[in-house]
Structure formats: C-alpha cells, structure tokens
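Student: Please read through the structure below; I'll follow up with questions.
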Amino acid sequence: MNFYKSAALALDYLDKNQGSVKGSLAAAGIKSTPGEGKRILALIIETLKYKPILLQLLVIVPIQSLEKLTFPKKSSRGSPSSQSLILVILHDLLFSSKRKIEASDLWPPKQSILKYQTRLKAELVKIQIKSGKSRITDLAKSSSTSEAGDLIRYIRYNPNSGKSLQGLYKELERLGFNRLQEPKYPLGQKEYFLDTHLNDVLLCFHGSTNWWNDNDWYTDGGIILQDKASCMPAKVLMWDWNGGEGECIDATAAPGNKTSYVSALMNNQGKLHAFERSPNRYKTLTRMLEKAHCKNVIAQRADFLESDPQDKQYKKVTRILLDPSCSGSGIVNRLDYLLEDDVEESDSKTERLEKLASFQLQMILHALKFQSAKRIVYSTCSIHPEEDERVVTSALQSKVAKEKGWKLAPRSQVIPTWERRGREDEMAGDEELAQGVIRCLPEDRTNGFFVSCFVRDDPQGLSISAPIKAEITSTQQEQQKRKNVKRPREEIESNMEDVVEEENLMEAGQETQIDQVIKEKTSAQLERNKRKKAAQKEKQKAKKMKLEE
C-alpha cells in the first residue's frame, strides 16, 4: 500500500514540477530503502510510459467519479492525489508482468478498482485493436517520441470576422467532419469536439489535421490557430467584463493572437491599446489585427515600460494583459526530461532566469501603477517557478501593490474548472494563493503555461498572510533604474501560436527561442555568490567530518 502511495506522491510532484523521476522521490519527501526505491522508480517510469493509455481508459471508465468515497476529489495533506494513485494501481493491474495489484485484498483502493477489472481489460483490448498493435505492451509510449494521434490541434473561432459559429459547423460538416458531444482521445482524422473549458470559441481536432489550408475560413480570419493554454490569459483578463467598464491594454501584443481574442471578448467595441516595441513584430501585429478584423485596437510601436501610467489617454484603462518575454520552457511536446538523471542547473541558466524574472517583475510593477486599472493578468509559457509563482509573490509584496491595494484573484475568477493549479510550495505553503493561479503541462495536451491575475477593489482578492522570502525583492526592483535594465534585442513571445501566423503556416509544435537578456552581475553580486558557495562547501565539509567521527 505504501509502495503505491509513494509512487503516486512522486507522480504528483512531477505533475507540478520539472525534474527527473529519481529527484522526485527525495523532493516529495519519500523515504525508502535502496531496494524499495528502485521498485518505486520502476513503477513511476512504467506508469509514465502508459499514462496516455491509462488516461484514455479513465475517460471511458471514470473510476474516480464512480468511487468518490475511496478516491475523493481533494486529498488530505501528505496523501497522493486520487488520479495518481489510480494510475499506478491500474498500471500494475493491466501492464505489469504479474497483471495484479500487489496489496492486501482488504485495501479499499484495490477493492474499488477490481470492481471494474473486466470492463477495463475489455476496453484496453479495443484500444489495442484500434491502434493496430499486436501486443498490449506495444501501447507503451516512448519517452523520446510523440505521435500526432496523441496531439490536439486547437482552432479558435473569431466572431470579429462577422461569420457565425453555426456557419463554421456547416463548413466542417461539408468537409466530412463529425462533431462529437464529448472529448475523445485519440481523435479520428475526421472528428472534432468543443473544448471543455473554452467551449464558446475553441474547437479540438486531430493532431495532424490541416483542413484550413487554402480554406476561406482561415484566409478571411474566421478562425485563428491558437494553443488552448495561450487562450487562457485573455479569458481570465475579461472575466465578468462589462462593455461600459473602460478600456484595456495588451502590453506585449505581437504577433496578435491574444490581442485579437481580447478584442473579440470586448465585442470589437471600446478601446484596446496594443503595445509592441519591435519594428518587425509591430508589422506582424498590424497584419494580424487586419486579418482578424479588430476594429477596436489602437496599435502603437512603443515600449510599454516607457508609457506614463498617469497619461490622460490611459485614464480609462481598467484591464491590462502582460505576457512578457520568458524562457519558453513550456514549449515541449515530450516527457523524456522526466526520465533523465538529475543535472545541476548551470550558473548561466540560473542567471538567465533571474534576469528574465527581474524584467517580468518590472513589467508587473509598472502595470500596477495605472490609476484606473482593476485587473491585470500576468502569464508566461514557462514552467519554471522563478518566472511564475516567485514573480507573482514578489509583486504582491511590493510597495506599489501594498499602497494601491493589489491582491491575487481567487480561483473562482481564474477558470475554476481547470484542475492544475499553482505550486503551493512556491507560495509559502499557502494553498489558497496557489489555487488562484493556473499551471498547464504538456500532458494536459497544451503547451506548458502559467496564468495569474491581480485584482484591486475586489473583496474576494487574496493577500499573502505572511512575508514570503522571494528570489526577487520589491526593494531591489525599486532601486533599479530603468535605463540599466536591458531587454531582449528582439522580444519574442515563446508561445507556440506566436509563430503560426507568419507568412508561411508553421507547425504548432515548433519551439521559439528568446534572445538572452545580457546584463552582467555587479562585482558585489559576484562576490556575495562566491562567499555563499564557499560557506556551503565549509558546511558540507564540517558535516562530513562529524559523520566520520
């Protein structure tokens, strides 16, 4: 029993963090003998290989919903999530060499799962036949490959085009597509369904689908290719929007996919100020806005950081979207990094993340100063906490946030039905704060992504109950002069959809890179780091000598 719980806890850790399987055991606080550790590692790795198939089975046979007493939606502290526990148990029942659950017959999870043993095995055989595999074990997914059948292509309907959603359905019917009433994985080549979280605009297709090529719906801007995770920031920003409320800002607008979605959520009315600093990307932005029929967007080739929050032209701005340059670490379509040995991050990588986080925090602090702003969304396509939760907590503890009453929006305002939330351990163990932000990972069939929302004059807003020691302090940020903060030479949003709207349609899985922000540490910082490393070595040496005694 403890064997399965330990493996499930490690899976939970991997769901929330980037790292290796081996490292996840220690990070999750799992204590075991060398023999037990190897056994747990083997189960985790094998479960990851079959995870897509296991999740597919759980859609057909929703054990967690059927056995709510045994597998509650919310687990107690220190216990694994119900889904991870079900996954590791199902692996042994269906894919292990013994094909059985190695636990007492009196253990409730075993009893609950065995009720559905016959149906699970029958459905597994159906999946095997449909996949054309000669053996059950052939269903295992290689860690270094990703089949198109496991991927989803997302299409966002654009109401600004003047075309109707019903018209899109008719066009797809003409092309031979069948609209499903519920999600299905993998999808057939001619099947699609409406996304469960953005079902008013987002359609989900098979990973290899490209029906839009040379189709008027695409060329006329009736549909836009945009990853699901990338749609979330705009959706969160415009939560409970009232057309007469005010105006909006997209601080880093190019290439324009998010901008066009915000425009659509504003019913193409009012004013949406779109900033883009790069001349080349500004051209891309204007082409996109024209194609997407955005009539309410005021695009300007300007640096958001150089805008004046007190300027009269922004007096009515109540909502701001911030999606600044990031590491792009979320743009992955494979899980092979989970199977690698732990590798200590290089100083250069750590330094780069620190610089990016510093720039990202500066963007937030600038946005917090706009006099009428009430809702600010900060998002990244990064899975690193340095750019995500730590930046958010630093912003919440900043002087400007406290003076102006900025807090974090609760889960109820941030797509509450999305299950994967923030890392509690990166927010001082504050579960409520962690629930207020969104995380996405590739196994969610999206890019890796992070979404948070700051609110003001909202009684539901969440505050930090106790000071959190963050990597970036607000004091450091206030002391930095803007002229000393260098930005990427060409700001490139790392979101997958940011590149598909170029002249030639590029595939959704392509990675983009960010030019590194080059800003050397001061001699004082280098000296402090040197002393810190020396102190750590002395501490380790003393500990080793004590053990030898």
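Student: Of everything in the range 382-393, what is more than 14 Å from Leu322 (Cβ to Cβ) and part of a helix (DSSP H, G or I)? Give them in sequence order.
Tutor: Glu389, Arg390, Thr393
Student: Could you run through the range 83-101 and say how many residues are open to solvent by 10 Å² or more (accessible area, probe 1.4 Å), small (Gly, Ala, Ser) and in contact with a helix residue (DSSP H, G or I) (Cβ under 6 Å, 6 or more places away or on another chain)?
Tutor: So the count comes out to 0.
Student: Residues in the range 432-439: is at least one of a type outside the set (Val, Ile, Thr), within 30 Å of Pro186 (Cβ to Cβ) and at pLDDT 90 or above?
Tutor: Checked the range 432-439: at least one residue is of a type outside the set (Val, Ile, Thr), within 30 Å of Pro186 (Cβ to Cβ) and at pLDDT 90 or above.
Student: Please count how many residues of the range 181-205 are of a type in the set (Phe, Trp, Tyr) and open to solvent by 50 Å² or more (accessible area, probe 1.4 Å).
Tutor: Total meeting the criteria: 1.
Student: Among Glu419, Glu386, Glu426, which is the only one that is open to solvent by 10 Å² or more (accessible area, probe 1.4 Å), under 16 Å from Ser465 (Cα atoms) and assigned by TED's automatic domain parsing to the domain that holds Val262?
Tutor: Result: Glu426 is the single residue among Glu419, Glu386, Glu426 that is open to solvent by 10 Å² or more (accessible area, probe 1.4 Å), under 16 Å from Ser465 (Cα atoms) and assigned by TED's automatic domain parsing to the domain that holds Val262.
Student: Scan the range 276-305 and report the pairs whose first residue is under 15 Å from Asn158 (Cα atoms) and whose second residue is hydroxyl-bearing (Ser, Thr, Tyr) and surrounded by fewer than 18 Cβ atoms within 10 Å (Cβ to Cβ), with Cβ atoms within less than 9 Å and a gap of 6+ or a chain change.
Tutor: Correct list of pairs: Lys291/Thr219.
Student: When Lys74 is evaluated against the numbered criteria (1) modelled with pLDDT under 90; (2) open to solvent by less than 20 Å² (accessible area, probe 1.4 Å); (3) within 25 Å of the chain's Cα centre (by Cα), which criterion, by number, is the only one it fails?
Tutor: (2)
Student: Turning to a different aspect of this structure: For the structure I just gave you, tell me whether Lys49 is of a type in the set (D, E, K, R), open to solvent by 30 Å² or more (accessible area, probe 1.4 Å), out of contact with any helix residue (DSSP H, G or I) (no Cβ under 7 Å at 6 or more places or on another chain) and within 21 Å of Arg423 (Cα to Cα).
Tutor: no
Student: If I filter the range 28-40 down to residues being more than 12 Å from Val88 (Cβ to Cβ) and part of a helix (DSSP H, G or I), which single residue comes out as least open to solvent (accessible area, probe 1.4 Å)?
Tutor: Gly37
Student: List the residue pairs whose Cβ atoms are under 9 Å apart, where the first residue sits in the range 35-58 and is not assigned by TED's automatic domain parsing to the domain that holds Lys126, the second is open to solvent by 20 Å² or more (accessible area, probe 1.4 Å) and part of a helix (DSSP H, G or I), and the two are 6 or more positions apart or on different chains.
Tutor: Correct list of pairs: empty, since none qualify.
Student: Same structure again: Looking at Pro108, Pro62, Pro80 in this structure, which one is within 30 Å of Gly429 (Cβ to Cβ) and over 24 Å from the mean Cα position of the chain (by Cα)?
Tutor: Just a single option satisfies the conditions, and that option is Pro108.
Student: Also: Scan the range 124-141 for residues that are surrounded by fewer than 16 Cβ atoms within 10 Å (Cβ to Cβ) and closer than 12 Å to Gln56 by Cβ and jot them down.
Tutor: Lys126, Lys130, Ser131
Student: Given (1) in contact (Cβ under 8 Å) with a residue 40 or more places away in the chain; (2) farther than 26 Å from Pro410 by Cβ; (3) not small (Gly, Ala, Ser), where does Gln269 come up short, assuming only one miss?
Tutor: Of the numbered conditions (1) in contact (Cβ under 8 Å) with a residue 40 or more places away in the chain; (2) farther than 26 Å from Pro410 by Cβ; (3) not small (Gly, Ala, Ser), the odd one out for Gln269 is (1).
Student: Only one residue in Leu187, Leu202, Leu114, Leu198 is at pLDDT 95 or above and in contact with a strand residue (DSSP E or B) (Cβ under 7 Å, 6 or more places away or on another chain). Which one?
Tutor: Going through Leu187, Leu202, Leu114, Leu198 in turn, just one is at pLDDT 95 or above and in contact with a strand residue (DSSP E or B) (Cβ under 7 Å, 6 or more places away or on another chain): Leu202.
Student: Pick out the one residue from Ala148, Ala140 that is modelled with pLDDT under 95, over 21 Å from Gln226 (Cβ atoms) and either small (Gly, Ala, Ser) or over 27 Å from the mean Cα position of the chain (by Cα) (or both).
Tutor: On the way: Ala148 fails: over 21 Å from Gln226 (Cβ atoms).
Matching residue, one of Ala148, Ala140: Ala140.
Student: Here is a list of conditions, (1) under 21 Å from Lys235 (Cβ atoms); (2) among the charged types (D, E, K, R); (3) surrounded by 22 or more Cβ atoms within 10 Å (Cβ to Cβ), and Arg411 meets all of them except one; can you say which number that is?
Tutor: So the condition that Arg411 fails would be (3).
Student: Find all pairs meeting these conditions: Cβ atoms under 7 angstrom apart; at least six residues apart or on different chains; first residue within the range 82-100 and under 20 Å from Ile127 (Cβ atoms) and part of a helix (DSSP H, G or I); second residue open to solvent by less than 20 Å² (accessible area, probe 1.4 Å) and among the small types (Gly, Ala, Ser).
Tutor: Listed by first residue and then by second, the contacts come to Val88/Ala7; Val88/Ala8.
Student: I need the strands (runs of 3 or more DSSP E) fully contained in the range 206-324, keeping only those with at least 1 residues that are under 22 Å from Phe370 (Cβ atoms), touching a strand residue (DSSP E or B) at 6+ places or on another chain (Cβ under 8 Å) and open to solvent by 50 Å² or more (accessible area, probe 1.4 Å). Before the answer, list the steps.
Tutor: Values: elements: 223-225, 247-250, 272-275, 297-300, 317-322.
Strands (runs of 3 or more DSSP E) meeting the threshold: 297-300.
Residue-by-condition table, conditions (1) over 16 Å from Gly246 (Cα atoms); (2) of a type in the set (Asp, Glu):
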{"position": "Asn268", "(1), (2)": "no, no"}
{"position": "Phe275", "(1), (2)": "yes, no"}
{"position": "Pro279", "(1), (2)": "yes, no"}
{"position": "Val297", "(1), (2)": "no, no"}
{"position": "Gln300", "(1), (2)": "yes, no"}
{"position": "Asp303", "(1), (2)": "yes, yes"}
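Student: Same structure, new question: Within the range 162-206, work out how many residues are within 23 Å of the chain's Cα centre (by Cα), more than 15 Å from Gln226 (Cβ to Cβ) and touching a residue at least 40 places away in the same chain (Cβ under 8 Å).
Tutor: 6
Student: Is there any pair with a first residue in the range 435-457 that is touching a residue at least 60 places away in the same chain (Cβ under 8 Å) and open to solvent by 10 Å² or more (accessible area, probe 1.4 Å) and a second that is part of a strand (DSSP E or B) and not β-branched (Val, Ile, Thr) whose Cβ atoms are under 8 Å apart and which are 6 or more apart or on different chains, and what are they?
Tutor: These pairs meet every condition: Arg456/Arg375; Arg456/Trp406; Arg456/Lys407.
The values are calculated or read from the model by the stated rules, or taken from the named source; none is laboratory data. Bear in mind that the values here come from a model prediction, so they are computed numbers and not experimental data. Note that we place each Cβ from the backbone using ideal geometry, even for glycine, and neighbour counts take in every protein chain shown. Ligands, DNA and RNA are stripped out before the accessible areas are found, and what is left, the full protein with its side chains, is counted by its heavy atoms. Shrake-Rupley method; radii C 1.70, N 1.55, O 1.52, S 1.80 Å.
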